[in-house]
Amino acid sequence: MKESHSYSSVSAKPAVDLRSINIARNTVINIIGIGVPYIVGFFCIPYIIRGLGVDRFGVLTLVWAIVGYFSFVDLGLAKASTKFVAESLGKGELSNIPKYVWTTIFMQCVLGLIGFLIILLTAPLLVDKILNIPPEFTAEVLRTVVIIGFSLPIILVSSSLRGILEASQRFDLINLIKIPISISFYLVPLIGLAFHWQLPGIVTLMVVIRLLSLVAWLIICLRVHPVLLESISFHGPLIKVLLRFGGWVSLSSILFYVTISIDRFIIGSLLSLKDVSYYSAPLEVVMRIGIIPGSFTMILFAAFSSLEGGNQEERSKMLFVRSIKYILMSIGPVVLILVFYAKPFLRIWLGSEFAHRSTLVIQILAIGFLVSSLSGVPFNLLFGKGRADLAAKLQIVELCLYIPLAFLLIKFWGINGAALAMAVKSVLITVLYFKVSMKIKPIKLQHLLEINLMKSIISIFVLAAIFILITYLRLKLYGFILAIIISAIITFFYVLTRKEKQFISRHIFSLFLKTH
């Protein structure tokens, strides 16, 4: 049954701007949005630890981690909202947006309150038994956990509102709010320390900031989609639709967190806590460079959903293959630099012992990461096609393969084995993702040739050969600079197509200018 579209007939312009310039701008904005808080945190954390003390800082990170795990009561509704709003935008059925949005927000409020009640009832057990908090901190930590639990409904509703902006490809507005919020989590403890506050006072101010950000998310969403004010109502029949997709998304998220954290538990059980540190530090470095492909792939879910809604198959296929190429172009040189300069980097950053114990670890992890970063493309395609069930089932296969492999390799080769298990798992799951996604959306050879994808793969091997030569000749810093220059030249003159060169020359200076 079709509904009237009082708002969808506003103009003939596409509801979502998926032009190359907008995707490029959104990627850069996302990198800034993730990178700036990282930089602020890098400088603030030592002062926070010094001011709070190691014990209180540990408590602060633990209780926020608990809320992170409790956010799974979201049941994937934020992603479901993004999916169906993006599809509605792709179809031009904008009058359907309020139904999905307000139904999701109502459900998030209920789930958030249930999560808060669970935290409230289990807080004493959590503090006394599970977290093993020292007696002198018990009362303070108990109040802190309850205050953070109170923020759970705010966090869940905010995630849904943010999802609406993701569906609309308004990452400029998302980061306008997200950057100050992320920075505040480092600055607020410093403000609290200046006034000699304890943890409950610091966390209360953080929750107030979360509440203000919720108001900001709501105001911006209403301005981007005034249609939301036309019909504020709850639609019961949509619950099943949202939960069917969101349930698989939630399972996928849980499996992801288990997969990326279980290796350290296995190392701790088979080896020692020192080995956990020697493994975790290089893993942290590799995960941090993930902001580059991650800033791009976070755009793809809503983009694929919108194109799917508009039945734009050819555009969807070209976005798929171009995404693979751009990730290779952006992350490939960074990974190679990390592989060939791992030892001096670790020596400068963490000292000679880490350089001795962790160099091979970071090299293996980096190579595995180069492959796994590509899996974000088919993963988001499956989500955009509404096949989150397939993504979650593949993750179950991934976990079942990874756990025994990790136990075996860690037992016989220590932390190097842990890195190898991660790399092997990354390659296998990436192949599986591509195999399944290609069945859903077959890619022709002409799509690959049209964008010079094979040339981008060849350029990675050429650059690796250059780094090997530089290492053999011991050119060090001069060789590093030379390799970067050669890499840029190869990319521009060999890998980029004529249209891409024209795009860069035409839009490089207007990348940050608004065109909405």
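The values are calculated or read from the model by the stated rules, or taken from the named source; none is laboratory data. These figures come from a predicted structure and were not determined experimentally. Cβ: placed from backbone, ideal geometry, glycine included. Neighbour counts: every protein chain shown.
Observations on the model:
- Residue match in region 365-386 (condition: of a type in the set (Lys, Arg) and assigned to a helix (DSSP H, G or I)): no
- Residues in region 402-436 that are among the charged types (D, E, K, R) and within 18 Å of PRO378 (Cα to Cα): LYS425, LYS435.
- Taking residues in region 344-362 that are among the hydroxyl-bearing types (Ser, Thr, Tyr), and partners anywhere that are assigned to a helix (DSSP H, G or I), the pairs with Cβ atoms closer than 7 Å and at least 6 places apart or on different chains are SER358/TYR278; SER358/ALA281; SER358/PRO282; SER358/LEU346; THR359/ALA342; THR359/LYS343; THR359/LEU346.
- The sole residue among ILE266, ILE232, ILE239 that is more than 24 Å from GLU166 (Cβ to Cβ), in contact (Cβ under 8 Å) with a residue 12 or more places away in the chain and not assigned by TED's automatic domain parsing to the domain that holds SER358 is ILE266.
- LYS317 being on the phi < 0 side of the Ramachandran plot, modelled with pLDDT under 80 and surrounded by fewer than 20 Cβ atoms within 10 Å (Cβ to Cβ): yes
- Residues that are surrounded by 18 or more Cβ atoms within 10 Å (Cβ to Cβ) and within 13 Å of VAL285 (Cβ to Cβ) within region 320-340 comprise VAL335, ILE337, LEU338, VAL339, listed in sequence order.
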